[in-house]
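Report on one structure; see the data block that follows.
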Amino acid sequence: MRQRLLQYLTCPACGGSLELSGVTAGDGSHVLEGELNCGNCEARFPITRGIPRFAALEKLDADKAATAANFGWQWQHFTQEDQRYADQFLGWISPVTPEFFNEKIVLEGGCGKGRHTQLVAAWGAKEVIGVDLSAAVETAFAATRGLDNAHIIQADIYHLPIQKKIDYAFSVGVLHHLPDAHRGFLSLASKVKPGGHLSAWVYGAEANEWITGLVSPMRERLTSRIHPRALLHLSRLPTALVYLATKLIYRPLNRVAGGAVGRHLFYNDYLMAISGFGWKEQHTIVFDHLVAPTAHYIPGREFEQWWRDIEATEVSIQWHNKNSWRGFGRV
Ligand SMILES: C[S@@+](CC[C@H](N)C(=O)[O-])C[C@H]1O[C@@H](n2cnc3c(N)ncnc32)[C@H](O)[C@@H]1O
């Protein structure tokens with residue numbers, strides 16, 4: 001943890017200010033081992049391996065703990081980087097562009113392995129704070145440790161230890177994995193200062209009936225319950241089908257007659273969006289769809305209501321890849 005991060009932190013229990021103490025290890029840039037103490041309620045939060053820890057995993061509800069365990073494993077295994085992440089990320093947060101980040105204080109709700117925290121830091125944010133509940137923070141910290149404007153925190157998105165000083169908050173692929181997605185959205189929005197901006201990307205209910213009808217029951221009863229290492233092997237078969245379909249059918253047919261043929265293929269927009277990725281990334285995507293104990297598919301009407309609930313203005317809500325919703329607005 002860089003000491004500068006303290007000015008954005010607050011006690012998640014009472015909102016009091018935090019003080020650093022008991023530092024026993026550092027590397028010149030980061031406090032590696034130490035403690036954050038609340039001056040008001042006397043809560044204490046350890047800093048271990050460079051990361052402030054605000055979530056005691058053993059005290060979480062069973063569903064959140066299972067989600068954190070599975071995603072923690074996922075992002076400690078799938079640590080690869082890919083040049084296509086930037087375009088994919090910009091697709092999820094459109095109409096935001098790299099220039100938008102210049103000199104902003106940015107919060108990422110559910111940073112996973114830190115791939116977007118890295119991009120935001122490189123695009124000129126003043127500070128970017130990536131928050132995740134799971135052990136993915138270990139990968140995210142390693143990936144961002146050398147970036148002077150990047151910070152990683154382990155915390156629950158429902159109880160963010162962050163002051164209302166954020167210029168722009170975003171969450172990509174996280175809210176739909178919470179027990180209550182709307183509550184996560186409200187919590188994230190509550191950290192944005194007046195006039196700041198917010199982005200969220202979630203799975204859509206529309207056009208995903210085949211997933212909720214066929215894949216979700218299998219995910220809930222089987223694939224999210226087996227050990228992730230077993231799922232790693234099991235998921236190679238559906239990955240092979242997706243990989244062969246995208247490379248041998250979708251890409252070639254989308255080149256015929258200006259895309260007139262491809263347009264009629266099942267789930268074409270989404271499969272084309274991931275068709276440029278190699279095996280490892282497609283395996284990550286398939287694994288990601290099978291590993292989560294909780295996944296909600298959000299109807300567009302409900303997503304629109306979220307933005308009305310926070311009284312956001314200049315709201316832009318778009319149907320992305322014909323299977324998901326992305327939203328952006330001023331808070
Ligand atoms: C599908 S991953 C997406 C990660 C990242 N946004 C990305 O696109 O690479 C979902 C992430 O949400 C995190 N997560 C789940 N529940 C959370 C919670 N209650 N608070 C914070 N993060 C949470 C998981 O640990 C996981 O890293």
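The values are calculated or read from the model by the stated rules, or taken from the named source; none is laboratory data. Computed from a predicted model, the values in this text were never measured in an experiment. Cβ: placed from backbone, ideal geometry, glycine included. Neighbour counts: every protein chain shown. Accessible surface is based on the protein model in full, side chains and every heavy atom, while ligands, DNA and RNA are left aside. Shrake-Rupley method; radii C 1.70, N 1.55, O 1.52, S 1.80 Å.
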Handout entry: Which listed residue is assigned to a helix (DSSP H, G or I) and either under 16 Å from Leu9 (Cα atoms) or open to solvent by 10 Å² or more (accessible area, probe 1.4 Å) (or both), from His182, His151
Key = His182
Problem - Subset of region 74-90 [near the ligand (Cβ under 10 Å from one of its atoms) and in a loop (DSSP other than H, G, I, E, B)] - result: Phe78
Exercise for the section: May I ask you to list the residues in region 41-52 that are assigned to a strand (DSSP E or B) and surrounded by fewer than 18 Cβ atoms within 10 Å (Cβ to Cβ)? Expected result: Arg44, Pro46, Thr48
Problem - Filtered residues of region 178-215 (kept if more than 14 Å from the ligand (Cβ to nearest atom), over 21 Å from Val96 (Cα atoms) and of a type in the set (A, V, I, L, M, F, W, C)) - result: Ala205, Ala207, Trp210, Ile211, Leu214, Val215
Exercise for the section: Answer yes or no: is there a residue in region 21-40 that is within 16 Å of the ligand (Cβ to nearest atom) and crowded, with 17+ Cβ neighbours inside 10 Å. Expected result: no
Exercise for the section: Take Phe71 and decide whether it is aromatic (Phe, Trp, Tyr), open to solvent by less than 40 Å² (accessible area, probe 1.4 Å) and more than 8 Å from the ligand (Cβ to nearest atom). Expected result: no
Practice task
State the number of residues belonging to region 244-266 that are open to solvent by less than 70 Å² (accessible area, probe 1.4 Å) and either touching a helix residue (DSSP H, G or I) at 6+ places or on another chain (Cβ under 8 Å) or assigned by TED's automatic domain parsing to the domain that holds Arg84 (or both).
Solution key: 9
Problem - Check on Ile166, assigned by TED's automatic domain parsing to the domain that holds Glu314, away from the ligand (no atom under 12 Å from the Cβ) and surrounded by 17 or more Cβ atoms within 10 Å (Cβ to Cβ) - result: yes
Exercise for the section: Go through the residues of region 17-38 one by one and say whether even a single one is part of a loop (DSSP other than H, G, I, E, B), over 26 Å from Asp148 (Cβ atoms) and touching a residue at least 40 places away in the same chain (Cβ under 8 Å). Expected result: no
Exercise for the section: Select from region 96-121 the residues that are part of a strand (DSSP E or B) and not charged (D, E, K, R) and write down the one among them that is nearest to the ligand (Cβ to nearest atom). Expected result: Gly109
Fill in the blank from the handout: Only one of (1) within 13 Å of the ligand (Cβ to nearest atom); (2) open to solvent by 10 Å² or more (accessible area, probe 1.4 Å); (3) over 23 Å from Ala56 (Cα atoms) does not apply to Ile93, and that is (2)
Exercise for the section: Output the residues belonging to region 127-142 that are within 11 Å of the ligand (Cβ to nearest atom), outside any strand (DSSP E or B) and either of a type in the set (A, V, I, L, M, F, W, C) or in contact with a Cys (Cβ under 6 Å, 6 or more places away or on another chain) (or both). Expected result: Leu133, Ala135, Ala136, Val137, Ala140
Practice task
Only residues that are more than 9 Å from the ligand (Cβ to nearest atom) and among the small types (Gly, Ala, Ser): list them for region 143-163, please.
Solution key: Ala143, Gly146, Ala150
Problem - Candidate set from region 185-238 (those that are in a loop (DSSP other than H, G, I, E, B) and without any contact (Cβ under 8 Å) to a residue 24 or more places away in the chain); member that is surrounded by the fewest Cβ atoms within 10 Å (Cβ to Cβ) - result: His227
